[in-house]
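See below for the structure under consideration.
We did not get these values from a lab; they are worked out from the coordinates using the rules stated. As the structure is a prediction and not an experimental result, all values here were calculated from the model. All Cβ positions, even for glycine, are placed from backbone atoms using ideal geometry, and neighbour counts span all protein chains on display.
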Amino acid sequence: MKIKVWTDTNKRLLNWANADESRSVGPTDEGFEVIEVADAIGLYENHASIVDGQVVPDSGYDPDADRPAPDPSPEQQMIAALTLEVAKLKAAKS
């Protein structure tokens, strides 16, 4: 599959998008480069480089660990507060 890649001056991957399969591989005058990849694995924006037309992900980068944890919902916050209050009451009773 062919993709368009935008890189900084150090060839770090800034952005990517699918490209028309009929486009020729190589740099364009539109500010991006077209490369051919087998699949979209390793296309981590700001965590990969383009070396000789190939995507090279940063070693040790874990995209799953990079995701922020979701904030607790109001219901979850209320349950946590009630659980803490019950624990305090039980501790005071003992």
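Relative to the longest principal Cα axis of the chain, at what angle does helix 74-93 sit, 0 to 90 degrees, rounded to 10?
The answer is roughly 30 degrees.
Arrange the following residues from fewest to most other Cβ atoms within 10 Å of their Cβ: LEU84, LEU13.
Going from sparsest to densest Cβ surroundings: LEU84, LEU13.
For the residue pair ASN46 and LYS88, what label-to-label distance in nm results when each label sits 7 Å from Cα along the Cα-to-beta-carbon direction?
With each label point 7 Å from Cα toward Cβ, the separation is 3.9 nm.
Between ALA17 and SER59, what is the FRET efficiency for a Förster distance of 41 Å, r being their Cβ-Cβ separation, to the nearest 0.05?
Result of the calculation: an efficiency of 0.95.
Under a cut-off of 22 Å between alpha-carbon atoms, report the lysines in cross-link reach of LYS88, not counting same-chain residues fewer than 8 places apart.
Partners found: none.
For n ≥ 4 DSSP H runs only, could you compute -39500 (n - 2.57) per run for the chain, divide by its residues and tell me the 222 nm figure to the nearest 500?
Details: 1 runs with 20 residues, N = 94.
The per-residue figure over the chain is -7500 deg cm²/dmol.
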